[in-house]
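Trainee: Have a look at the structure that comes next, please.
What follows draws every value from the coordinates through simple rules; no lab data is involved. Remember, predicted model here, so these are calculated numbers, not experimental data. Note that we place each Cβ from the backbone using ideal geometry, even for glycine, and neighbour counts take in every protein chain shown.
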Amino acid sequence: MPARATNQSSKFKVQGSKFPKRETGNFKLETRCARLAPPLLGWFARAARDLPWRRTLDPYAIWVSEIMLQQTQVKTVIAYYERWLRELPDLAAVAAAAPDKLHKLWEGLGYYTRVRNLQKAAQQIIREHNGKFPRDFDAVLALPGIGRYTAGAIASIAFNTPKPILDGNVMRVLCRLFAIRDNPRDKATNAKLWHLAELLVRATATFPNSKLKTQNSKLLLSGPCSALNQSLMELGATVCTPRSPACDACPLRNQCAAFQKNLTAQIPNLAARATATARTFHTFLVRRAGKYLVQQRTAGVVNAHLWEFPNLEATGTSRSAANSARELFKLRTARPRPFATIKHSITRYRITQEAFLLEVRATPKISSDHHRWLATAELHSLAFTSAHRKLLHRLAPQLSAKG
Ligand code: SF4
């Protein structure tokens, strides 16, 4: 890891700070943004949570944290992040890692395309940037799995580049601060929000470093652009929450248009979520001579490359588990025994896994390159989808009870 800089440094360098000339129409907005920065940064210096990725300026570590935090809560990510950095301390280690190891380290975080893109990007950095994480924003944006938000987060947090960020938390804060009542996901409104986020980070770029000292001396800041973007994220995550924002504790309440107009419950104006769809699967823990049949999900499907027990969707059919087993394994007779029911959600789907134990003497006609017969100890070394891992955990005690 590169040497850590400290937030005590007296010379913050602002990367890429070639701002276009101030447009007259923006002047008022720029002034408003400049006035938001001091209370926001002062609050962040006092209230910033001590998170492991805030104790480093290593762009590799910051990148890993940003990818893990996409769609995943902070409290879930912490243990994954720490384990990942222990196992894969640098870019070269990710580029060279076996895909099975990467999937195992990511097991349970979901959205597994993220981990495959991490490896592709690490390999690209080795090839095209001599193994050094690029400082150039466009080069970061060109890496697999990195969009405008993530590139802005890495550029500002690791290198103090005045690039904006806009995720769900920041969107909500900005909509409320400026009382924007349109749907923030609509194209024009979204562009307006990016513009505001950019004005804010630019307005902060020359903020004096003496005012950035965080109360927790372990936290490191590359400069004011990092502090600004992180304070927006932090405010959205801890104060300006979706329901019942803590406006009384908010450093920006005097400048917040939604608070002053009593509109915090109506803003942001997000379209209703798609209604949930129920799906049911018959899942089989097929045992032969003490080993279980498992299959690896193929490329291009949800949870690709992860392992699972054989299963068949039963939604909308009157098919019994025995019929599902006969169909899946080409058996003449099958007597599956109820084992467990696992409920979980993937995006808008509410999924019920009805799991059955199925003892077989002969090998079912299902084997292919994607299938393996393994003992439970071996199964634990594979990366399973979350629901199937729960089944695996329930399987082990039952086995030991039977001796
Ligand atoms: Fe959010 Fe309330 Fe602060 Fe406005 S005053 S930014 S609504 S927490």
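Trainee: To the nearest Å, what is the center-to-center distance of the range 318-371 and the range 89-141, using C-alpha atoms only?
Mentor: Measuring centre to centre over Cα atoms gives 35 Å.
Trainee: In terms of the ratio Rg/(2.2 N^0.38 Å) built on C-alpha atoms, what value belongs to the chain? Write down the numbers at each step before the final one.
Mentor: Details: Rg = 25.3 Å, N = 403, 2.2 N^0.38 = 21.5 Å.
Cα-based Rg divided by the globular estimate yields 1.18.
Trainee: Using a Förster distance of 30 angstrom, determine the FRET efficiency expected from the C-beta separation of Asp50 and Thr277, and round it to 0.05.
Mentor: Numbers: r = 40 Å, r/R0 = 1.33.
Efficiency, from the Cβ-Cβ distance: 0.15.
Trainee: Quick one: putting +1 on the C-beta of Lys and Arg, -1 on the C-beta of Asp and Glu, what dipole do you get for the chain around its Cα centre, in Debye to the nearest 20? Intermediate results must be reported in sequence, preceding the final value.
Mentor: Values: 61 positive and 26 negative charges, 122 e Å.
My answer is approximately 580 debye.
Trainee: If you count, for each residue, the other Cβ atoms within 10 Å and average over each peptide, how do 116-127, 290-301, 87-98 line up from highest to lowest?
Mentor: Working: 116-127: 18.5, 290-301: 14.8, 87-98: 16.9.
So the order, starting with the most tightly packed, is 116-127, 87-98, 290-301.
Trainee: Along the three principal axes, how long is the range 246-403 when you take its alpha carbons, biggest first, rounded to the nearest angstrom?
Mentor: Over the range 246-403, Cα extents along the principal axes are 73, 35, 31 Å.
Trainee: Let me ask another. Taking the chain as a Gaussian network, where each spring joins two C-alpha atoms under 10 Å apart, which residue of Arg273, Arg185, Arg32 fluctuates the most?
Mentor: The residue that fluctuates most here is Arg273.
Trainee: First measure r as the distance between the Cβ atoms of Lys211 and Val302, then evaluate 1/(1 + (r/R0)^6) with R0 = 41 Å and state the FRET efficiency to the nearest 0.05. The partial results should precede the final answer.
Mentor: Values: r = 47 Å, r/R0 = 1.13.
Calculated transfer efficiency: 0.30.
Trainee: Under a 10 Å cutoff between Cα atoms, tell me which one of Phe133, Phe356, Phe329 has the largest fluctuation in the Gaussian network model of the chain.
Mentor: Ranking Phe133, Phe356, Phe329 by mean-square fluctuation puts Phe329 first.
Trainee: Would you be so kind as to identify which of Thr72, Leu57, Thr333 lies farthest towards the positive end of the dipole of the chain, taking Lys and Arg as +1 and Asp and Glu as -1 on Cβ and the Cα centre as origin?
Mentor: The listed residue farthest towards the positive side: Thr333.
Trainee: Calculate the FRET efficiency for Arg348 and Asn130 from the Cβ-Cβ distance with a Förster distance of 56 Å, rounded to the nearest 0.05. Before the final figure, lay out each step's value.
Mentor: On the way: r = 43 Å, r/R0 = 0.78.
Here the calculated transfer efficiency is 0.80.
Trainee: Compare the peptides 238-246, 161-169 by average per-residue count of other Cβ atoms within 10 angstrom and give them in order, highest first.
Mentor: Numbers: 238-246: 14.8, 161-169: 23.0.
Top to bottom by mean Cβ count within 10 Å: 161-169, 238-246.
Trainee: Multiply the residue gap between Lys28 and Asp182 by 0.36 nm, knock off their C-alpha separation, and tell me the result in nm, one decimal place.
Mentor: Values: separation 154, 0.36 × 154 = 55.44 nm, distance 2.07 nm.
This chain segment gains 53.4 nm when fully extended.
Trainee: Can you flag which of Lys104/Lys390; Lys28/Lys192; Lys101/Lys132; Lys75/Lys187; Lys120/Lys390 are past 20 Å Cα-Cα? Write out the running numbers ahead of the final one.
Mentor: Details: Lys104/Lys390 15 Å; Lys28/Lys192 15 Å; Lys101/Lys132 23 Å; Lys75/Lys187 31 Å; Lys120/Lys390 30 Å.
Check vs 20 Å cut-off fails for Lys101/Lys132; Lys75/Lys187; Lys120/Lys390.
Trainee: Alpha carbon centre of the range 174-193 versus the range 250-280: separation in Å?
Mentor: 11
Trainee: Using a Gaussian network model of the chain with C-alpha springs under 10 Å, which one of Arg389, Arg332, Arg350 is most mobile by mean-square fluctuation?
Mentor: Residue with maximal mean-square fluctuation among Arg389, Arg332, Arg350: Arg332.
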